Amino acid sequence: MTLKKIIIPLLAVACFSCGNDPLPKPKAMLRLEYQKPEYSKVDVRLPFTFEKNSNADKISNIKLDGINNTYGVDINYPKMKGTIYLTYKKVNATNLDTLLRDAQNLTQKHTIKADEIESIIYENPSQNVYGMFYEVGGNAASQSQFYVTDSINHFLSGSLYFYAKPNYDSIYPAAVYLKNDIKHIMETIAWKK
């Protein structure tokens, strides 16, 4: 009788303890969501104005090289570990071709790691702003670059860089978000007289 008391509970436990077979979890991607951008006009000691996303830190590192009329501006996004670097140069009678070639060559240097480079012409005749936007796909160091000019007095170039080893799959959501910010910067450039 004692053997029955031991075997019956063991059989009951063995029969009812088995559940469903384990199933592998489906593959999932990390979903990063960022705040909707809110833009405000930036008017600092630069020869141009533009609108900046309020999700970025305050503009930092406004550097001036008085000899060459060159300004450097950094727009930091610490939550995304990225920065948009803007470089302004004064156009004179002899340097426009060099400025254009340098901006285009900077983008072409990324062809080693880039899967593709898409270029989009930008024109805003009402503000006298003309340029090019480059979207760089793949594991390149910079995911977006641009330049704009009025062809007479002003030339502004910009690049997006992340503080991490380029891995396009990992930075893609932030790269898309900041690409839209760069486009907004381009669209809101206004040269000062």
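Checked against (1) among the hydroxyl-bearing types (Ser, Thr, Tyr); (2) farther than 15 Å from Asn76 by Cα; (3) surrounded by fewer than 20 Cβ atoms within 10 Å (Cβ to Cβ), Tyr163 meets all criteria but (2).
Looking across the stretch 120-138, the residues that are in contact with a helix residue (DSSP H, G or I) (Cβ under 8 Å, 6 or more places away or on another chain) and either surrounded by fewer than 19 Cβ atoms within 10 Å (Cβ to Cβ) or of a type in the set (Val, Ile, Thr) (or both) come down to Tyr122, Asn124, Val129, Val136, Gly137, Gly138. Residues that are in contact with a His (Cβ under 8 Å, 6 or more places away or on another chain) and either over 17 Å from Ser170 (Cα atoms) or assigned to a loop (DSSP other than H, G, I, E, B) (or both) within the stretch 129-144 comprise Ala140, Ala141, listed in sequence order.
Of all residues in the stretch 74-95, those that are more than 14 Å from Ser157 (Cα to Cα) and surrounded by fewer than 16 Cβ atoms within 10 Å (Cβ to Cβ) have Cβ atoms under 8 Å from Cβ atoms of residues that are of a type in the set (D, E, K, R) and at pLDDT 90 or above, 6 or more apart or on another chain, in Asn95/Lys89. Within the stretch 43-78, being modelled with pLDDT under 80, among the small types (Gly, Ala, Ser) and closer than 28 Å to Glu33 by Cα holds for one residue alone: Ser60. Would you check which residues across the stretch 166-193 are of a type in the set (Val, Ile, Thr), surrounded by fewer than 21 Cβ atoms within 10 Å (Cβ to Cβ) and closer than 21 Å to Glu33 by Cβ and list them? Within the stretch 166-193, Val176 is the sole residue that qualifies. In the stretch 79-97 there is at least one residue matching the filter, namely being in a helix (DSSP H, G or I) and modelled with pLDDT of 85 or more.
Taking each residue of the stretch 119-146 that is within 14 Å of Thr188 (Cβ to Cβ) and touching a residue at least 12 places away in the same chain (Cβ under 8 Å) and looking for partners that are aromatic (Phe, Trp, Tyr) and surrounded by fewer than 16 Cβ atoms within 10 Å (Cβ to Cβ) with beta-carbon atoms closer than 8 Å, six or more apart or interchain, yields Tyr122/Tyr130; Asn124/Tyr130.
The values are calculated or read from the model by the stated rules, or taken from the named source; none is laboratory data. For clarity, every value in this text was computed on a predicted model and none was experimentally measured. FYI the Cβ positions are ideal-geometry reconstructions off the backbone, even for glycines, and counts take in every protein chain you see.
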